[in-house]
1. When the residues of segment 237-247 are filtered to those that are in contact (Cβ under 8 Å) with a residue 24 or more places away in the chain and surrounded by 14 or more Cβ atoms within 10 Å (Cβ to Cβ), which remaining residue is farthest from D126 (Cα to Cα)?
2. Under the condition of being modelled with pLDDT under 95 and either acidic (D, E) or farther than 26 Å from M170 by Cα (or both), which residue from segment 43-65 is nearest to the ligand (Cβ to nearest atom)?
3. Enumerate the pairs (first residue in segment 203-230 and assigned to a loop (DSSP other than H, G, I, E, B); second residue anywhere and crowded, with 16+ Cβ neighbours inside 10 Å and charged (D, E, K, R)) with beta-carbon separation below 7 Å, excluding pairs fewer than 6 apart on the same chain, so at least 6 apart or on different chains.
4. Confirm whether A123 is under 23 Å from V235 (Cα atoms), touching a residue at least 12 places away in the same chain (Cβ under 8 Å), in a loop (DSSP other than H, G, I, E, B) and not polar (S, T, N, Q).
5. When segment 87-114 is examined, which residues are found to be more than 21 Å from G324 (Cα to Cα) and more than 12 Å from the ligand (Cβ to nearest atom)?
Amino acid sequence: MHVLMIGGSDAGISAALRARELDPAADVTVVLTDAYPNFSICGIPYYVSGEVTHWRNLAHRTLADLEAAGMRLRPDTTARRIDVPGRKLLVTTAEGGEEVLGYDKLVIGTGAVPVRPPISGLAGPDALGPADGVHLLHSMGDTFAVMRTLEQAAPSSAVIVGAGYIGLEMADALTVRGLQVTQMEQLPEVLPTVDPQLGALVHAELAGHGVEVLTGTTVQAISTAPPGGSGRLQVTAAAADGTAVTRPADMVLVVVGVRPDTALAAEAGATLGTRGAIAVDPMMRTGLPDIFAAGDCVITHHRLLGQTYLPLGTTAHKQGRVAGENALGGTRQFAGSLGTQVVKIFDQAAARTGLRDHEATAAGYDPVTVETAADDHKAYYPGSHRITIRVTGDRTTGRLLGMQLFGHKNAEIAKRTDIAATAIYHGMTVDAVSDLDLSYTPPLGSPWDAVQMAAQAWVRETRPR
Ligand SMILES: Cc1cc2nc3c(=O)[nH]c(=O)nc-3n(C[C@H](O)[C@H](O)[C@H](O)COP(=O)(O)OP(=O)(O)OC[C@H]3O[C@@H](n4cnc5c(N)ncnc54)[C@H](O)[C@@H]3O)c2cc1C
């Protein structure tokens, strides 16, 4: 049995590891277009900030670890065409030649590519790029280009286009490196994946660390600075009221999201679904014989919403593992995502799981969201922090639908969000969250955990009067 994986990141490597784990005799090959198998691209901001001191430390596993797991790695090898009936993959090799690889089962894990928004200066023959200090950020190659700009051009200012979680992490990272950062976001508040009430708290954290945050600001052009201008580049945008905004910058980072990389699969005849991602069933089958797909290139089944596109590393790992198992004849199903995510911004963290009010309404629920604040541990013990928690539940059934949290990075925001994710996964009511037997000692918690106090506030607010 020869199992072939296309893509050496979270999805492809997870599939390969699972296949080898289940059958140490399986012949497993991973082809990847770059030379960085199993690198944690989620860790890129912390290498840029200097907190991770060498790029090699971003590897989830070393090359030796991967080889010890028994897979064959083919770096600098690009998959070009899938011959579905012949079960063959045409690749261009590291040496520049062509080669045909046979397979019994194929797993496509080609991931995503960064979106290049319609901003003048980013496309066309005169487009600005890394050599000019203008960067997109997704791969290790992009990271090395950013580091070259930082080390060789020694920029003192940066504009970040986009205030999603990667934009925020990069604002943190570049500020830590000593740059003056301006963040431009076209939506009314930063981190639009959480409610604006929490986005405003993130906004304040950015501003408190010296980041100039311009929301409601649509970037229109990036150009080289006019003669006598103060930066190397100039960013021109329109504020919500239509006024022109310009900022000089020595470097510009454009991080406005990703789109699935599906050309190879689509050309082979795979069906595409939400946001153009590869349609897969819960077993990660594409519908093409013997071809599975996983990670940022595929649609994601959401447990409350059905088909979505949710490109996240945690999901790519799980889907890859399912694909690897099923490539060996298994019948495992991807259980579905709840869109659980967390981001650190300087000293704070923001997280969400499940649905926000408007998403729940669109999905046919009758949602109510109640915000409360609670201490992460008993306030009499030093170092306690307030956590802001927004609980969304269904008024009709009492079912917990979503939770959003904001608080200090040491206040266990991520793990408290995971309590909510676990409760939503199991279809619990908001009220039942109070019944969970959670741990307590004053330096680390409270007899009622902050999540339980938030659940109780929701029940109080929504009970019939
Ligand atoms: C800066 C940053 C921070 C992030 N932080 C988080 C986080 O904190 N938490 C989280 O959950 N997610 C995070 N993510 C998202 C997460 O990294 C991705 O969801 C995840 O890496 C997707 O994995 P993947 O294997 O599907 O695809 P990708 O990581 O996109 O990898 C695709 C792979 O396919 C290869 N490939 C593509 N085309 C071909 C071809 N034709 N032939 C051969 N090989 C090919 C590529 O070389 C690569 O190896 C972050 C992403 C970025 C960029």
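1. So, considering only residues that are in contact (Cβ under 8 Å) with a residue 24 or more places away in the chain and surrounded by 14 or more Cβ atoms within 10 Å (Cβ to Cβ), the one farthest from D126 (Cα to Cα) is A239.
2. L63
3. T215/E185; T215/E189; A225/R232
4. Criteria not met by A123.
5. E95, G96, G97, E98, E99, V100
A quick yes/no check of all residues on (1) surrounded by fewer than 23 Cβ atoms within 10 Å (Cβ to Cβ); (2) touching a helix residue (DSSP H, G or I) at 6+ places or on another chain (Cβ under 6 Å); (3) at pLDDT 95 or above:
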{"residue": "G402", "(1), (2), (3)": "no, no, yes"}
{"residue": "E412", "(1), (2), (3)": "no, no, yes"}
{"residue": "V433", "(1), (2), (3)": "no, yes, yes"}
{"residue": "S439", "(1), (2), (3)": "yes, no, yes"}
{"residue": "P447", "(1), (2), (3)": "yes, no, yes"}
{"residue": "V451", "(1), (2), (3)": "no, yes, yes"}
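Let's see how each residue does on (1) surrounded by 24 or more Cβ atoms within 10 Å (Cβ to Cβ); (2) of a type in the set (G, A, S); (3) within 9 Å of the ligand (Cβ to nearest atom):
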residue: M1; (1), (2), (3): no, no, no
residue: L4; (1), (2), (3): yes, no, no
residue: G8; (1), (2), (3): yes, yes, yes
residue: A11; (1), (2), (3): yes, yes, yes
residue: S14; (1), (2), (3): yes, yes, yes
residue: A26; (1), (2), (3): no, yes, no
residue: T33; (1), (2), (3): no, no, yes
residue: I41; (1), (2), (3): no, no, yes
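One line per residue, one yes/no per condition, for (1) assigned to a loop (DSSP other than H, G, I, E, B); (2) within 12 Å of the ligand (Cβ to nearest atom); (3) at positive phi:
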site	(1), (2), (3)
P248	no, no, no
P289	yes, no, no
F292	no, no, no
P311	yes, yes, no
A316	no, yes, no
G320	no, yes, no
A323	no, yes, no
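The values are calculated or read from the model by the stated rules, or taken from the named source; none is laboratory data. Since this is a predicted model, take the numbers as computed values, not measurements. All Cβ positions, even for glycine, are placed from backbone atoms using ideal geometry, and neighbour counts span all protein chains on display.
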